[in-house]
Each structure stands twice: as C-alpha cells, then as structure tokens.
1. Run the Debye formula on the Cα coordinates of region 16-145, all scatterers equal and no solvent, and tell me log10 I(q)/I(0) at q = 0.12, 0.15, 0.18 1/Å.
2. Residue by residue through region 445-450, which ³J(HN,Hα) values in whole Hz follow from phi under the Karplus form 6.51 cos²θ - 1.76 cosθ + 1.60 (θ = phi - 60°), with glycine and proline marked x?
3. Rank these for me by crowding, Ile617, Ile350, going from fewest to most other beta carbons within 10 Å.
4. Report the gain in length on full extension from Asn636 to Glu600: 0.36 nm times residue separation, minus Cα-Cα distance, nm rounded to one decimal.
5. Test of understanding: ordering Cys150, Cys404 by Cβ neighbours within 10 Å, fewest first, what list do you get?
6. Would any residue of region 386-413 have its amide N under 13 Å from a label point 7 Å out along Cα→Cβ of Ser428? List them or say none.
7. For region 107-137 and region 542-580, what is the centre-to-centre distance using only Cα atoms, to the nearest Å?
8. How large are Rg and Dmax for region 130-275 when calculated on the C-alpha trace, in angstrom?
Amino acid sequence: MSESTELEGRRFPAPEELTAQANVGPDVYERAAQDRLGFWAEAADRLTWAQKWDEVLDWSNPPFAKWFVGGKLNVAYNCVDRHVEAGHGEQVAYHWEGEPGDTRTITYAQLKDDVCKAANALVELGVQTGDRVAIYMPMIPEAVVAMLACARIGAVHMVVFGGFSSDALASRITDSGAVLVITSDGGYRRGAPSALKPAVDEAVGRTDSVRNVLVVRRTEQDVAWSEGRDLWWHDVVDRQSTEHTAEAFDAEHPLYIMYTSGTTASPKGILHTSGGYLTQVAYSHWATFDLKPDTDVFWTSADIGWVTGHSYIVYGPLANRATSIMYEGTPETPHRGRWFELIEKYKVTILYTAPTVIRTFMKWGEDIPAKFDLSSLRVLGSVGEPINPEAWLWYHEHIGGGRCPIMDTWWQTETGAHMITPLPGVTSLKPGSAQTPFPGIAAKVVDDEGNELGDDTTGLLVLTEPWPAMLRTIWGDDNRYVDTYWSRFGKEVYFAGDGAKKDADGDIWLLGRVDDVMNVSGHRISTTEVESSLVAHPTVAEAAVVGASDPTTGQGIVAFVILRGNAEDSGDELVQQLRTHVAKDIGPIAKPRQIMVVQELPKTRSGKIMRRLLRDIAENRELGDVTTLTDSSVMNLIKDKLPASS
Ligand code: ATP
Ligand code: MG
C-alpha cells in the first residue's frame, strides 16, 4: 500500500475526555434529519430576538430564500450588549497582539462602549440604514468595531482585505456603491509599517460614491489629507457617547457584502443577511469547535478580509461570548515561532487555520513548534483548501501533540458557515476528508446529470436544501446569482463548483475545483489526489498540479513542487523519483508528465493555489487575471524554470 493511501486508511477516534463533555453528541444528526427546520429554529433560539419569527423558511421562490420570516434582531446587540447585560462585561472578547509586540486587551464592556461610539459617529457622518461602508484595514481591533458599528445601525459593511491593491479596492467600492471608507494610515507586516491610506486615496479618486474617509491612526506614517473628505477616527469617534440604542432589523436585513477570493473567476459580491447567518455561524462555531465560553481561548488565524474572519473571528465567536486572539502580523515576524509563542502566551485551546500555513510550517521544520509549550490546545481546525493527509498528520502530531482532533471544515464565502465537517466529540477522523455534512445540511455527490451517486464514487458536490447562512444573491446581479449557483441542476440545487468523492463509508472527500479536474486518456484524475501523493513524499512540502493539453492523452499532468527545508534538489534524479512515486501510489495513469521544482507557488491573498495561472504557464498562454495574486513576480520565476518547448 502506498504512503498516501495508507494515511488515508487511518482512523483517529474522538478523544474520550472530549466526547464525555462535548457540546454535541452523535444524536444531533438524527435530530436534525428528522426535523431540519425545527433543528435550525432551535439553533436560532440561541440568539436574542426583539421579535420572534412567524416562519422558519420561505422557499416559495427558489433560489431566493428567506429565513426566520418576520423575525427582528440586532446583530451587534447579540454579539456584544447581551453578554454585558448578563454580567460578563469583564470577560475578554479579544486578546489583540500587534506585530511589533504591542498588545490590547478588550473586554466585552469595552467593546460595547467602542461599538456604540463608532455607531454614533457613523450616524453623525450621515450613514443610513442600508448604506454600504467599505472597510480596508489591518488586523486591529477597530476593524471589528467598524464592522459591528455598521451592523448596529443596519449599514452594510464590505470589508476588503488590506493586502489588495487600489484597483481591487476601487472595483469593489464601485460595485457596492460605498458611501464611506474606514481605513488606517497603515499596519505592520513583516517587521515594517505598510501603508494603506495611499491605496484608498487612489481608489476613492477613481470612484464617485464615497463622501468620507475615516482613518484610524496605527503606524503614524505621514498621510496625504483631503480636507473635508478625510477624518481621523480619534477626532470623530472618541468624543461620541457610549450610549446608543440598537434598533432591531428584519431577519433578512443585509449584513454584509464579501467578494470571493477570485481563485477561479472574477470576484463576486456575495450578500449575507442577518438572522439566518448569525444563527448558523454561532451554532457551527459552538458545535464544530466544542466552544466553552468560560474556559476556551479561541484563535482563528485568518484575516478579517475573508469570510473565515467574518464568521469565525467576529460573528460566531462574539455571538457565543468567546474569548479570541487577534494577531496583526505574519507568522515569521520577528521569527518563525511567533504563532507558537502566542499559543503558549495566551494558552490558546482552539486553533483554526489553513492548509497553506500548515504546509509552510512543515517546510520550516518541526523543531520550531517543538520549542514551545502547546499543551493548552485541545481542538484544531482547517479551512480553505483540501488538507493533504500528510499535512493533516503533521498538524496533528507537531501542533496538536497527537491529542487534538482536527476539524477539516468545507465551506465557501457563499455558504457563510461550515457545511461539511467532522464534529470533535463524535467523528472518528480520516486525515484529508471533511467527512460529514453538518447537522441540518443536505450535501450530496451527483453525476453530470444530477443523479445522486452511491458510496465509492466520484462526482460533483451539490447542496440540495437551503441553509440559514446561505448567500441571498450576488450584489446587484440576481441573474448571475441564479446562473452561477442554481442553474446546472435546476433552481433548487446549489452547485458548489467543487468535485467530491464519497468513500465506501459514505464519507466525503473534496477533490478541488471542478474546473481543475484533469482528464488523462479519458480518466478523470483529481489535482488534489496527485498533490497529496506528492506531499506524502519525504522531500516535498507543497505541490500544485494542473492538466495541460497534450496531443496524445488529451491532458498531461504537470506538477510544480516546493521542497521541504531539509530536502536536497538532486535535479533529474529527484524528478524521476517523484514521478515513480506517484505512479506507484495512485497508478501509472496519474504519473506526472512533467515535474518542476519551484521556490514559490502563485497564491491568492487568502493563500490558495491559483492553478488556472499554472495551467496558463503549462500551456504557454498569456496569463489570465492576476489581480488577486499575492505576488506577481512569482509567475516570472516559475516561467523561467520552464523548458522552452513544453
Ligand atoms: P472564487 O469563488 O472567486 O473562485 P474561492 O472559491 O477561492 O474564489 P472562497 O469562498 O474563499 O473563494 O473559497 C471556497 C472554496 O475553497 C471551496 O469552494 C473549496 O474549493 C475550497 N475549500 C474551502 N474549505 C475547504 C476544505 N476544508 N476542503 C477542501 N476545499 C475547501
Ligand atoms: Mg468559490
């Protein structure tokens, strides 16, 4: 048996101590299956409603859903005020750590005061219910305060990742029609202040909806100032009253727009609304991570500019009264042990991160985490891409100390919250598989015609029932919403765009984007499987695989690999070894035609590999849209590696 399939066969039963006290047990699946809407109604009861709903779901006009029809609530009140009213004002909401080492401790009582002041400031600036507010900020507490202030007054926030260019910001401002931009002079990245305000100035100069720019002072860099338009946060927000009465809004009131990361196509403005979204993020955060608000210290390492940051740094954790970590900087500043130092310092109990980070840690070597006390950890999570079994195992051993279950959570910007994931006190884990649809979620694997497939087959992932945190539309483009997600198999089936396999036990394995699935001599081969096989080889830290058109086989497999820190690049010999390894592991049909050792891979700013650009390279084409790429020079480095003939 080959290395990666051997790993795939291993099971990690739920730890007994965890099962004994877990928030949810195995019965949850049956309860949800028997009465799906009743189950979600119960989950919604965890929130505080100003007015109870009349109907759980209105699905009379698919694919346009309404959840908790007639219900009213204020999202910010649910995230902050109610915890203070219940006597938890002194509990820490965020342990914030700046990259240079400065810290802030923010209690729920302080957060309430800050959010009220910011809400009053927005009102003073003429921001009205339903207006869009762009937030372009580093990972500082004011970013959360700004989001909650918008939610509090019913304005729709649209957070743009601080690493995006002025182009990306401008197109999102235009598309959403934002009236205000909240930003900062800059933030700290890789040991130096990095400016944000210039990009805002450029973007706002090219758009016409923005009236004001509200600027938080963080780095004290010099900034250009547009009198009348630009305002300092400390001038406008600090003098406001800490009293603000939160109005209750309709359950379907828009909460935010978030543009997808642009891995496969140009970004789409995903619209999320209030009641259903908050219900599912709060419930899933509590169930998937076994969150105990009185004792856990929770850390989602994502940036607030991604949906993971929205759902699992801000809304889920706050609705559950969690204590969270928020870290401004990069994992290697000032040294490669920074994250582990933070886990040790704050006694983090739950860590939620992405496979790209784990593979980077693998590349750096296990002696780094070994230097720190990580014994406080009890549950781990993964999101963003399929996690290769080898990376899973490394995470489990070298970060989780062999004792922490890993929740491999499959979901999307569009789904708002976890959709397929194990549960920590319930599931016997399989490295590399997201395994089980979340309670109350209907996920299926179907063939090209939409017929449900049995176990041990490969097909397309679909969601066959609406869910509370689902996107409601693409901002300003109902047609694109219907076409993109709800047309392939009819208006009541959501097509996720991902390929999936069901194994003999019925567990689900995500196989990457449908657009990325390769066809070699008539065989469908998943990029994820070939990548996992390569990563299982002791020399490989990271791999990206694409299908390039091939005159004889239709498509040929081209692989790009990054070696582990201690591995030697023996050139041709290594390449032959790796090709043979994959052929043995998966089968001769999966043997890569070409393998290139590279230093970096093209990634979106959220850390996902952009295979479509590698395909462009492998097929000698002009590169497609690179605006969401972290570092475009990476593409030149890779191109230089290519033999001229391929
Ligand atoms: P775009 O839709 O603009 O191309 P994107 O799909 O990368 O961008 P996101 O919504 O951030 O934007 O990512 C969702 C996708 O990430 C999923 O469709 C899936 O391909 C992948 N993904 C997320 N979590 C997992 C996971 N646990 N296992 C496998 N794949 C995952
Ligand atoms: Mg997507």
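Rule-based calculations on the coordinates, nothing more; no lab input. Just so we're clear, the structure is a prediction, and the values are computed from it rather than from any experiment. All Cβ positions, even for glycine, are placed from backbone atoms using ideal geometry, and neighbour counts span all protein chains on display.
1. Calculated log10 I(q)/I(0) at the listed q: -0.77, -1.06, -1.18.
2. Whole-Hz 3J(HN,Hα) from phi for region 445-450: 10, 10, 8, 4, 8, x.
3. So the ranking, lowest neighbour count to highest, is Ile617, Ile350.
4. This chain segment gains 11.9 nm when fully extended.
5. Ranking Cys150, Cys404 by Cβ neighbours within 10 Å, fewest first, gives Cys404, Cys150.
6. From region 386-413, the list is empty.
7. Comparing the Cα centres of region 107-137 and region 542-580, I get a distance of 50 Å.
8. Rg and Dmax of region 130-275, Cα atoms, are 15.1, 45 Å.
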